Amino acid sequence: MSNIAIDLTGVSKSYDDKVVVDGLSFTVAAGECFGLLGPNGAGKSTITRMLLGMAPPDAGKITVLGMPVPARARLARGRIGVVPQFDNLEHAFTVRENLLVFGRYFGMSRSEIEAAIPTLLEFARLESKADARVNTLSGGMKRRLTLARALINDPQLLVLDEPTTGLDPHARHLIWERLRLLLARGKTIILTTHFMEEAERLCDRLCVLDGGRIIAEGRPHALIEEQIGCPVLEIYGGNPRELRALINPYAERIEVSGETVFCYATDPEQVRVQLRGRADLRVLQRPPNLEDVFLRLTGRDMEN
Amino acid sequence: MVEGWAAAMPANAWNWIAVWRRNYLAWKKIAIAAILGNLADPLIYLFALGFGLGIMVGPVDGASYIAFLAAGMVAASAMTSATFETIYAAFGRMHSQRSWEAILCTQLTLGDIILGELAWAATKAFLAGTAIMIVASILGYTAWPSALYALPVVVLTGFAFASLAMVVMALAPSYDYFIFYQTLVLTPMLFLGGAVFPVSHLPSAFQQVGRFLPLAHAVDLLRPALLGRPGESVGLHIGALCVYTVLPFFLSAALLRRRLMP
Ligand SMILES: Nc1ncnc2c1ncn2[C@@H]1O[C@H](COP(=O)(O)OP(=O)(O)OP(=O)(O)O)[C@@H](O)[C@H]1O
Ligand SMILES: [Mg+2]
């Protein structure tokens, strides 16, 4: 088995003359966690669907676990686990029944599935909920069940489309911990997310997409260093336009998002001096993070 | 394009069973209500029309009207239960419940799902059709053992109507469109297909149309079987129902592939 889990070369896809994925190429190594970031409509879900053979590309070549997709997508799916963006559990079924029914879709026998269920329930921390109906579970439990369901066929590769969207911080941290466990077991993960913290914590490498193109790619910390590389001041309150004029001479770059001014400055002290005595402002200084990278790369029209 | 077709066709001869079993599990949870609901409607028709009208119309085609009607009601209930299972329940699983989307991430293909849904709808048709046959038999309106020939016909009728409904479902943007299929296709078919009265009473233009309807083929197979008479053109009727099963299957597979795997 080669150590390349996913390989996309020049992949394009349009819907009704709208280019959704535009000549995309990237490679994910086996055992790696690869993140797809990008604003709503960037094409993240479309890419995950293409990996599963659920959306044929207009052009380009896709190889997943050594198999050409969509030509042999069915075979590839046998070794892939999927957490979709939108919940598609069987709500009238119990937790156990969901796993049982799903295992059958992989051609597993009842005894094989029943043998796998206790481990999966333990993994998802749902032991006490085995016989509860899905519609009685909390959002976090449902998501963990979806993750457990994705593991029923003992996949090598996990395709996770926004696995923690809509979850509270506890639920999110629990999922992250579970995902790290899976990575430690050697699984490959491709993950889309809107949480920069999630990407920073989990991903070995990630790419930022916009309009179906990669606009940046690399290791999270390398990207932060490369795109930002200096401390950040977040300034709330006050008029962003006026503030910008005031601090512009002392900043490398200024980004306005909503009513917050993000000021990137190698010497933040100089900026603070300008703002001294302004009781209407709240200023927070912090190291740069992936959110700054995201805002910089995708925030071109945030100002208006 | 060949690849696209592979995704829309069944991957093998047994994958569909997993879909059938999923639906069976869901049905088991509400089986009592489902069976009663399935039975009530055609039985009301059978008794209301059979006894009510029967008094006025006297024997039809050499049988009591209620015995004549029984075969029509078996065919009609197979038609409606297979259709409703597809346009309401299966459409829900495809559309709002996203069950199909989950299945498409597994070893099953779209073709496996469609086949599983058709087989399930045919099962529901079988349950509904046999329930009426049993009631009619207890009351002495069916001939045994020739009524046993009706069983596979009910299943085939279920497949044909499920398959046709699958095309309707593949095209419908929402539930609201199904009422047109019910009122413009199914209800006229009940009368033109000879389920409630002999088609020979209709103007000949209607008779010509009626001959081609799937329900007419089902009725022409079921009525002789239930009345204990020799069937006519059995091969033709079975062949026609098979065509009504197979062609819409391929058409719906092509339509659903475009809809679900764009
Ligand atoms: N079946 C389809 N038909 C037409 N357009 C589609 C279809 N699927 C996706 N699109 C369009 O493709 C674009 C990318 O959609 P996609 O769902 O891949 O984005 P995304 O990055 O996952 O967004 P989000 O973060 O909101 O989930 C969107 O503009 C969407 O409207
Ligand atoms: Mg998405």
Carbon/sulfur accessible area of the stretch A:230-287, % of total, 1.4 Å probe, equals 48 percent
Per its Cα gyration tensor (rounded if a/c is under 1.5, else prolate when a/b beats b/c, else oblate), the stretch A:41-198 is best filed as oblate
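Per-residue mean of other chain beta-carbon atoms within 10 angstrom of the beta-carbon, peptide B:24-37?
On the way: counts 0, 7, 5, 0, 0, 4, 1, 0, 0, 0, 0, 0, 0, 0.
Mean shielding by partner chains, rounded to a whole number: 1.
Sequence gap at least 6, Cα distance under 8 Å: using those rules, report the relative contact order of the stretch A:230-287 to the nearest whole percent.
Rounded, it is 50 percent for the stretch A:230-287.
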Taking A:53-62, B:123-132, A:229-238 and ranking on average Cβ neighbours within 10 Å, highest first, one gets B:123-132, A:53-62, A:229-238
Here the stretch B:149-156 yields Karplus 3J(HN,Hα) values (6.51, -1.76, 1.60; θ = phi - 60°; whole Hz; Gly and Pro given as x) of 4, 5, 4, x, 5, 4, 4, 5
Carbon and sulfur atoms account, in whole percent of the 1.4 Å probe accessible area of the stretch A:39-128, for 53 percent
Rounded to whole angstrom, the alpha-carbon centroid of the stretch A:164-218 lies from that of the stretch B:1-65 at a distance of 47 Å
Descending packing, highest mean Cβ count within 10 Å first, for B:173-182, B:106-115 is B:106-115, B:173-182
From the Cα centre of the stretch B:114-163 to that of the stretch A:26-104, the distance in Å is 40 Å
All alpha-carbon distances of chain A, grouped into 20 Å bins from 0, give the whole-percent distribution 30, 50, 19, 1
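On a 22 Å Cα-Cα criterion, which of the cross-link pairs A:K129/B:K124; A:K129/B:K29; A:K18/A:K142; A:K13/A:K44 come out too long?
Details: A:K129/B:K124 32 Å; A:K129/B:K29 19 Å; A:K18/A:K142 34 Å; A:K13/A:K44 12 Å.
Violating the 22 Å limit, Cα to Cα: A:K129/B:K124; A:K18/A:K142.
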In nanometres, the difference between 0.36 nm per residue of separation and the alpha-carbon distance of B:F51 and B:I35 is 3.4 nm
So, relative contact order of the stretch A:212-262 in percent, Cα under 8 Å, 6 or more apart, is 36 percent
Of all chymotrypsin sites (Phe, Trp or Tyr not before Pro) in the stretch B:2-48, the ones in DSSP coil with at most 16 other Cβ atoms within 10 Å are B:W14
The summed charge of the A:P163 Cβ neighbourhood (under 10 Å; Lys/Arg +1, Asp/Glu -1) stands at +1
Across B:9-19, the residue-averaged tally of Cβ atoms belonging to other chains within 10 Å stands at 2
About its Cα centre, the stretch B:15-171 carries a charge dipole, from +1 on Lys and Arg Cβ atoms and -1 on Asp and Glu Cβ atoms, whose size in debye to the nearest 20 is 420 debye
Expressed in angstrom and ordered largest first, the alpha-carbon extents of the stretch B:2-260 along the principal axes are 58, 41, 35
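In peptide A:73-85, what is the residue-averaged number of other protein chain Cβ atoms found within 10 Å of each Cβ?
For this peptide, the per-residue mean of nearby foreign Cβ atoms is 3.
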Between B:G228 and residues 5 or more places away or on another chain, the pairs with built amide H atoms under 5 Å apart involve B:A143
Diffing the stretch B:90-96: the Karplus 3J(HN,Hα) column from phi (6.51, -1.76, 1.60, θ = phi - 60°), in whole Hz with x for Gly and Pro, holds 5, 4, x, 5, 7, 8, 8
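Net charge within 14 Å of B:T106 by Cβ-Cβ distance, Lys/Arg positive one each and Asp/Glu negative one each, not counting B:T106 itself? Intermediate results must be reported in sequence, preceding the final value.
Details: positive: A:R74, A:R77, A:R79, A:R104, A:R149, B:R21, B:R22, B:R98; negative: A:E90, A:D154, B:E101, B:D112.
Around B:T106, the surrounding residues sum to +4.
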In Å², rounded to a whole number, the accessible area per residue of the stretch A:230-287 with probe 1.4 Å is 55 Å²
Quick calc: nm separation of the 7 Å Cα→Cβ label points for B:V243 and A:H170 -> 6.5 nm
Under the helix-only model (-39500 (n - 2.57) for each DSSP H run of 4 or more, divided by the residues of chain A), the mean residue ellipticity at 222 nm, to 500 deg cm²/dmol, is -10000 deg cm²/dmol
Counting only residues 5 or more apart in sequence or on a different chain, those whose built amide H sits under 5 Å from that of A:L158 are A:G81, A:T188, A:I189, A:I190
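Report the Rg/Rh value for the stretch A:39-129, based on alpha-carbon coordinates and the Kirkwood definition of Rh.
We get a ratio of 1.04 for the stretch A:39-129.
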Chain B accessible area per residue, 1.4 Å probe, protein heavy atoms, integer Å², reads 43 Å²
Karplus ³J(HN,Hα) for the stretch A:140-149 (6.51 cos²θ - 1.76 cosθ + 1.60, θ = phi - 60°; Hz, whole; x = Gly/Pro) runs x, 5, 4, 5, 5, 5, 4, 5, 4, 4
Long-range amide H partners of A:V256, meaning residues 5 or more apart or on another chain whose placed amide H is closer than 5 Å, are A:F262
One finds, for B:F250 and A:A59 with R0 = 35 angstrom and r their Cβ-Cβ distance, a FRET efficiency to the nearest 0.05 of 0.80
Rounded to a whole %, the carbon-and-sulfur portion of the accessible area of chain B at a 1.4 Å probe is 72 percent
Length-normalised contact order of chain B, Cα under 8 Å, at least 6 apart, in percent, tallies to 25 percent
Between B:N12 and A:L284, Cβ-based FRET efficiency (R0 41 Å, step 0.05) works out to 0.10
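Nearest 100 Å², what total accessible surface is buried between chain A and chain B (probe 1.4 Å)?
Buried area (both sides, nearest 100 Å²): 2500 Å².
The values are calculated or read from the model by the stated rules, or taken from the named source; none is laboratory data. A quick note: this is a predicted structure, and the numbers were derived from the prediction, not measured. Virtual Cβ from ideal backbone geometry, glycine too; neighbours counted across all protein chains shown. Accessible surface areas use protein heavy atoms only, side chains included; no ligands, DNA or RNA. Shrake-Rupley method; radii C 1.70, N 1.55, O 1.52, S 1.80 Å.
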